[in-house]
Amino acid sequence: MILSAADGKIASRTTENLDIPALDQGITLRLKRLPAAPAAQPSPKRAVLLVHGAFFPSSTVYDIDLPGGTWLAHLAARGFDAYALDIRGYGSSTRPAFMDGPPGPYVPFATTADAIRDVEAAVAVIRARSGVTQVDLLGWSWGAAIVGGFATSHPDLVGHLVLYAPAWLPRTPPKDPPQAPKNYRTFDHDGARTRVLNGVPPDRIEEINPTAWFERFWAANLIVDAVGAQRTPPVVRAPSGVSQDAIEFWSKGVPTWRPQEVLAPTLTIVGEWDRNTPTAMAEDVHALLIKAKDRRLKIVPEGTHFLALEKNRLQLFDEVSAFLSGTTPR
């Protein structure tokens, strides 16, 4: 589905599912694509790639048809070839066989370094398919570290960079060290709902993140995780590479990427109620973007870490589109 830029109504267009080879043998990546609306196609052409965080895949975050349309549709209506990538182990991308059994000892898979390689594979396909030299990148939470890492290692391939609710070093280090992870993680319906509501005032839940919206989102996640959906209770599965990175790097005060090496114009954007990656993290990342050709920081009122699934989601979409287009948000 696509949101018409002219009048806000929903018009019928279908997202294309591409299964592309990763740079590592035996792994296939799901890359969703929604071409720019013909009437909005700019010259030269523009393409943007959206990358998810540590729990939910891009295919359900950026292509979920909540009121106002999908984020991919919003971008396509504004002239972008819009893409969303499921990192290995997430969504419809290849999952290792060990994720079909009960969680066991940690096995290296889907680390930040792996994810950056997956972005590299996707960018190559996007450049060829959309006929662009550079690709704009957006990463949410852990995804910000992924696209940030790619932007510093491949600066010539990145047009603009958007860091949505970026994970970063906390100003006050946690007292307890992170626990050694299992080889993958699971979370059920109630656990996911609790996580999504973190930061929402209790008396405003149905206003900010309606139950019906969450149920649609949860159902979409079970569709792309058929194995998890068959368990009792149904669960969504995610690999633990990001958790191992927390032990090896972040808990020691060592980020997996360096914002101070980013050259691309960069927007850092976060919801004011975000408790997962608080506004202080976004502020600290923004301050480090000393080489970026342009840097902007935006704090969206009344939004949590899951702003893209909430009442004020269109404000997030508009701010990002305006930055990428060089215009003022409507």
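Where a number appears in this text, it was derived from the coordinates with a stated rule and is not lab data. Computed from a prediction, not measured in an experiment: that's the story for all the values here. Positions of Cβ are backbone-derived with ideal geometry, glycine not excepted, and every protein chain shown enters the neighbour counts.
Per residue, the convex hull spanned by the alpha carbons of the chain comes to 130 Å³. Annotation: for a label point projected 7 angstrom from Cα along Cα→Cβ of residue 327, no residues of region 260-280 have a backbone N closer than 15 Å.
Using a cutoff of 8 angstrom between alpha carbon atoms and counting only pairs six or more residues apart, the relative contact order for region 2-325 works out to 18 percent. Residues 152, 327 in ascending order of nearby Cβ atoms (within 10 Å, fewest first): 327, 152.
Over all directions, average the projected area of the Cα convex hull of region 262-330 and note it in nm².
4.5
When the alpha carbon gyration tensor of region 154-199 is reduced to an equivalent ellipsoid, the three semi-axes, largest first, read 28, 18, 15 Å. Of 132, 227, the sequence from fewest to most neighbouring Cβ atoms within 10 angstrom is 227, 132. Relative to its Kirkwood radius, the Cα radius of gyration of region 5-112 gives an Rg/Rh of 1.06. Each of 64, 116, 299, 146 has some number of other Cβ atoms within 10 Å of its Cβ, and from fewest to most they run 299, 64, 116, 146. Could you work out how far the C-alpha centroid of region 13-48 sits from that of region 77-152, in angstrom? Here the two parts' Cα centres lie 12 Å apart.
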